[in-house]
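Shown next, in structure tokens, is the structure this report addresses.
The values are calculated or read from the model by the stated rules, or taken from the named source; none is laboratory data. These numbers were taken from a predicted model, which means no experiment stands behind them. Cβ coordinates were reconstructed from backbone atoms using ideal geometry, including for glycine residues, and neighbour counts include every protein chain displayed.
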Amino acid sequence: MLLLIALGLVAGVLTTLAGLGGGLLLLVVLGLMRGPHLALALTTPALLAANIHRAWMYRREINHRFAASVAIGVVPGAVVGGLLLPGLPEEVVAFLFTLSTAFALARSAGWMRLEPHPRWVAAYSAGIGALAATSGGAGMLIAPLAISAGLGGTPYIATVAASAVAMHAGRVIGYGATGLLAAEHIPAIAALLAGLVLGNLIGRRLRRHIPHTLQVRMEFGALLSANVFAIAGVMR
């Protein structure tokens, strides 16, 4: 349990400082320890609660219009993906994880431009939700979408967190309906959540001492690094 708390702590600090990367860290490490299916099941409820906490901390900075557009698509997409996950072999889950992270890497590095018109954000988000529920890595695609919408700094952190709440809520519904989430997982989820919330609080305190220009660099750097390490971890 102490290891799970420590992992949650690091993940919470990383995501609060850079906007993403913490959930991916948990997924990669737990995937190696317990397999991809269980890693997805354990991390999702904890990340849901942690993003609710982060969104509440920065609630005044949320771009509600953008977050609502994402939620309209990402919730049904994540529910459908969650319902499909238990029937997918581990090799397929690993392939989807690699595919989603490679796509996010290409997008964040500028090798591929995909900036949907505002009216298509919901449809794009539905694909993110379905892929995130079956692989986990696609959740990072919300970050470049938010950046392309002109968000940065604390509004970026807040809005990505609010969008992630919708995504993880859909995943929890899907996983719960198929029995992938069980009562026996509650202690592990609670340990992860304790670390994540503590990490959120530490990250918020650290952000007060970081210049805005450095925050922007951290956001882009975390997106790029998270994708590189995710793909490397899957291909080992």
Problem - Exclusive hit being crowded, with 21+ Cβ neighbours inside 10 Å, small (Gly, Ala, Ser), in a helix (DSSP H, G or I) and at pLDDT 85 or above, set 46, 104, 138 - result: 46
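Only one of these is touching a residue at least 40 places away in the same chain (Cβ under 8 Å), of a type in the set (A, V, I, L, M) and within 19 Å of residue 65 (Cα to Cα): 141, 180, 131. Name it. Reasoning before the result, please.
Numbers: 180 fails: within 19 Å of residue 65 (Cα to Cα); 131 fails: within 19 Å of residue 65 (Cα to Cα).
None of the others qualify; the one that does is 141.
Does residue 5 satisfy being more than 23 Å from residue 125 (Cα to Cα), in contact with a helix residue (DSSP H, G or I) (Cβ under 9 Å, 6 or more places away or on another chain) and modelled with pLDDT of 90 or more? Before the answer, list the steps.
Details: more than 23 Å from residue 125 (Cα to Cα): yes; in contact with a helix residue (DSSP H, G or I) (Cβ under 9 Å, 6 or more places away or on another chain): yes; modelled with pLDDT of 90 or more: yes.
So residue 5 fits the description; yes.
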Handout entry: Subset of the range 52-101 [touching a His at 6+ places or on another chain (Cβ under 9 Å) and at pLDDT below 90]
Key = 85, 86, 88, 90, 93
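State whether the residues of the range 164-183 include one that is among the charged types (D, E, K, R), at negative phi and at pLDDT below 90.
To start, the set of residues in the range 164-183 that are among the charged types (D, E, K, R) comprises 171.
From what is left, the residues that are at negative phi are 171.
From what's left, at pLDDT below 90: none.
No; the residues of the range 164-183 include none that is among the charged types (D, E, K, R), at negative phi and at pLDDT below 90.
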Handout entry: Residue match in the range 144-155 (condition: touching a Ser or Thr at 6+ places or on another chain (Cβ under 7 Å) and either in a helix (DSSP H, G or I) or among the hydroxyl-bearing types (Ser, Thr, Tyr) (or both))
Key = yes
Exercise for the section: Output yes when any residue across the range 64-84 is over 18 Å from residue 162 (Cβ atoms), in contact (Cβ under 8 Å) with a residue 12 or more places away in the chain and not in a helix (DSSP H, G or I), and no when none is. Expected result: no
Handout entry: Sole exception among (1) crowded, with 24+ Cβ neighbours inside 10 Å; (2) under 16 Å from residue 38 (Cα atoms) for residue 159, by number
Key = (2)
Practice task
Would you tally the residues in the range 2-43 being more than 20 Å from residue 158 (Cα to Cα) and either in contact with a Ser or Thr (Cβ under 7 Å, 6 or more places away or on another chain) or in a loop (DSSP other than H, G, I, E, B) (or both)?
Solution key: 4
Completion exercise
For the range 184-199, pairs from a residue that is under 11 Å from residue 47 (Cα atoms) and buried (at least 19 other Cβ atoms within 10 Å of the Cβ) to a residue that is of a type in the set (Asp, Glu) and at pLDDT below 90, with Cβ under 9 Å and 6 or more apart or across chains, are none
Practice task
Sort out which residues of the range 129-170 are of a type in the set (Val, Ile, Thr) and over 15 Å from residue 59 (Cα atoms), and write them in order of number.
Solution key: 134, 142, 147
Practice task
Please go through the range 29-50 and pick out each residue that is out of contact with any Leu (no Cβ under 8 Å at 6 or more places or on another chain) and farther than 19 Å from residue 175 by Cα.
Solution key: 32, 33
